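All remarks here apply to the structure that follows.
The values are calculated or read from the model by the stated rules, or taken from the named source; none is laboratory data. Note that the structure is predicted; figures quoted are calculated from it, not measured. Cβ placement follows ideal geometry from the backbone for every residue including glycine, while neighbour counts extend to all protein chains displayed. Just the protein is used for accessible areas: all its heavy atoms, side chains included, with ligands, DNA and RNA removed. Shrake-Rupley method; radii C 1.70, N 1.55, O 1.52, S 1.80 Å.
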Amino acid sequence: MNTKVYYVDEHSDEKIKEAAEVIKKGGLVVFPTETVYGLGANALSEEACRKIFEAKGRPQDNPLIVHVADFDISEYTEYISENAKKIMENFWPGPITIVLKKSTKIPMLVTANLDSVAIRMPSNKVARKLIEYAGVPIAAPSANISGRPSPTTIEHTIDDLMGKVDMIIGGDKCEFGLESTVVEVLDEKVTILRPGAITKDMLEEIGLKVDIDPTILKKPDENLKPKSPGMKYRHYAPKAEMTIVTGRIERAVDYINMKIDEMKSKGKLVGVLATDETKDLYKGGYIISVGSRKKLGLIAANLFDTLREFDKIDVDYIYAEGFEEDGLGLAIMNRMKKAASYNVINL
Ligand code: TXA
Ligand code: MG
């Protein structure tokens, strides 16, 4: 397939309209959002959405998020609870996806046969114009090959999907860099199924009582089925095996330095996911700082790009410093643990 690539911003109306035409005709368009790039198709067309699964190599039991540009989502849902409305009013447009009871208008393929549907209104203006011009909601998973780190730049999507989609539009690096928070609000009960930039604390600040799906916090086992099907897959994974080292930072640095030496003697290169505070303390290895520990937002925004850079350098092993699992740290560590297949050493 011949993939058109357009560098656009929110004022590139003609190009965005051309992309919207592709969506209307049942094609695939990669587009930017504030979280990660999405791989979009007309959410009301089963045939169009089937192409998403093929292009990504995505398992059919993993449902898609439906992106909208209008607050009136009554056509796509059976019921919108008061708490769901509260979340929409406070955080839409923005990086939070709400799981609601679905209407028959949404094809079963989109929701992987679940009777709920995940809906989100992105704040990115190119994304919203694309949805408006298409005149239909757009189903979009992250625009990466299944299993790889989510794409936070247009280059990442070109690396993964060139030749597999009709069009790629975008240019800007994604503001948040981690996928949206997914929150289930079928009735008035609010449960976070995937942590993201809208944190538990932020939801509690608007007066909600919030549960966290237990599968987020630990390695999924056979008996505990995550409510968000996508959470069970190895994900965000760089090619090299990865270990996260948590606990006192001085100890983590010493341990990783020991590993760098040990691997070097075997002719192997260690990639280190470090921070501004520690990057100069490592002796050898391929060091990348994801940012300052004082700015978790920037660490979130850099994480997936860093994992992809380790792939490009072709390191043999990755050691990563850990972060506190509260606030945005919960989402960061959730993605890192998946990338590391839950390989965590606590010192
Ligand atoms: O930030 C984002 O959410 C990005 C951008 C493109 O909007 N999209 C994204 O999509 O991350 P994807 O497909 O990579 O992740 C969707 C997640 C999966 O974990 C999936 O299982 C969950 O949402 N999900 C979708 N529909 C669901 C439903 N009805 N019930 C529970 N979880 C659902
Ligand atoms: Mg994804």
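Observations on the model:
- Gaussian network model of the chain, springs between alpha carbon atoms under 10 Å - residue of TYR319, TYR37, TYR286 with greatest fluctuation: TYR286
- Tensor-based shape of the stretch 4-217 (alpha-carbon gyration tensor, a/c under 1.5 rounded, otherwise prolate or oblate): prolate
- Taking a straight Cα-Cα cut-off under 18 Å and skipping sequence neighbours fewer than 8 places away in the same chain, the aspartates and glutamates within cross-link reach of LYS51 are GLU21, ASP61, ASP160, ASP166.
- FRET efficiency for the pair GLU250 and LYS219, taken as 1/(1 + (r/R0)^6) with r the Cβ-Cβ distance and R0 = 25 Å, rounds to 0.40.
- Inter-part distance where the stretch 248-322 and the stretch 46-91 are each reduced to a Cα centre, Å: 36 Å
- Computed over protein heavy atoms with a 1.4 Å probe, the carbon and sulfur contribution to the accessible area of the stretch 241-346 reaches 49%.
- Partners of LYS15 within straight-line reach, counting lysines whose Cα lies under 16 Å from its Cα and excluding those fewer than 8 residues away in the same chain: LYS4, LYS24, LYS25, LYS125, LYS129.
- Model label sites at SER292 and ASP316, defined 7 Å from Cα along the beta-carbon direction, differ in position by 3.6 nm.
- Zone of ASP159's modelled label, taken as backbone nitrogen in the stretch 135-153 under 19 Å from a point 7 Å along Cα→Cβ: 142-153
- The reciprocal of the average 1/r between distinct C-alpha atoms defines the Kirkwood hydrodynamic radius, which for the stretch 241-346 equals 13.6 Å.
- Distance between modelled label sites at GLU89 and SER341, nm, 7 Å Cα→Cβ extension: 4.8 nm
- Calculated [θ] (222 nm, deg cm²/dmol) that DSSP helices of n ≥ 4 give over the chain, each run adding -39,500 (n - 2.57): -9000 deg cm²/dmol
- Per-residue SASA entry for ARG308, accessible area with 1.4 Å probe, Å² rounded to 10: 10 Å²
- Inter-label distance for LYS4 and GLU205, nm, one decimal - labels placed 7 Å from Cα along Cα-to-Cβ: 4.2 nm
- Straight-distance crosslink candidates among lysines, where the alpha carbon sits under 22 Å from LYS209 and sequence neighbours closer than 8 are dropped: LYS85, LYS86, LYS101, LYS189, LYS200, LYS218, LYS227
- Pairwise centroid distance, computed over Cα atoms, of the stretch 100-150 with the stretch 173-222, Å: 18 Å
- Cα pair distances of the stretch 82-188 binned at 5 Å [whole percent]: 2, 10, 18, 21, 23, 15, 8, 2, 0
- In terms of its alpha-carbon gyration tensor, the stretch 139-284 comes out oblate; a/c meets the 1.5 threshold, while b/c is at least as large as a/b.
- Three-way shape call for the stretch 97-159 based on the alpha-carbon gyration tensor, with the a/c threshold at 1.5: oblate
- Accessible-area value, THR306, 1.4 Å probe, nucleic acids and ligands omitted, Å²: 10 Å²
- Filter on LYS164/LYS338; LYS239/LYS264; LYS56/LYS338; LYS219/LYS294 - keep pairs with C-alpha separation over 21 Å: LYS164/LYS338; LYS219/LYS294
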